[in-house]
Amino acid sequence: MLEMLGHTVVSKTNSIEALNLFKDNPDAFDIVVTDMTMPELTGYELAEEIYYLKADIPVIICTGYSQVETEHEIKKYGIKKTLHKPFNLEELSKAIKHVFN
């Protein structure tokens, strides 16, 4: 979906690999879209590590958990936006626009 919206995508299925890739060149990334539940680090833990390296990067968390539960957590971890699964192309597009405004 991100490519359909015109973005260049770097994809990893392991949060540690994603973090290491980000550490190698944080300025190569304009946004991070991650899932909440992943092997190794949660989406929140990944976001926390990413913010340590590049505080101004927007992070969008995708989740299947309830909105009430995630709203508390996004404030705690500084997440810019949450997308609740399943979501469509329009919702993703709006989320990305939201984090850049």
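The values are calculated or read from the model by the stated rules, or taken from the named source; none is laboratory data. The structure displayed is predicted, hence computed values, not measured ones. In this analysis, Cβ positions are derived from the backbone assuming ideal geometry, glycine residues included, and neighbour counts consider all displayed protein chains.
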Among the candidates K85, K80, residue that is of a type in the set (K, R) and farther than 18 Å from P26 by Cα: K85
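Among the listed residues L21, L46, identify the single one that is in a helix (DSSP H, G or I) and touching a Lys or Arg at 6+ places or on another chain (Cβ under 7 Å). Give the steps one after another, and end with the answer.
On the way: L46 fails: touching a Lys or Arg at 6+ places or on another chain (Cβ under 7 Å).
From the options L21, L46, the qualifying one is L21.
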Test: residue in segment 57-78 that is part of a helix (DSSP H, G or I), touching a Phe, Trp or Tyr at 6+ places or on another chain (Cβ under 9 Å), of a type outside the set (K, R) and at pLDDT 95 or above: no
E91 vs. criteria touching a strand residue (DSSP E or B) at 6+ places or on another chain (Cβ under 8 Å), of a type in the set (D, E), modelled with pLDDT under 95 and at negative phi: no
Candidate set from segment 70-101 (those that are surrounded by 11 or more Cβ atoms within 10 Å (Cβ to Cβ) and of a type in the set (S, T, N, Q)); member that is farthest from I50 (Cα to Cα): S93
Some residue of segment 88-96 being farther than 18 Å from M4 by Cβ, among the β-branched types (V, I, T) and under 13 Å from the mean Cα position of the chain (by Cα): no
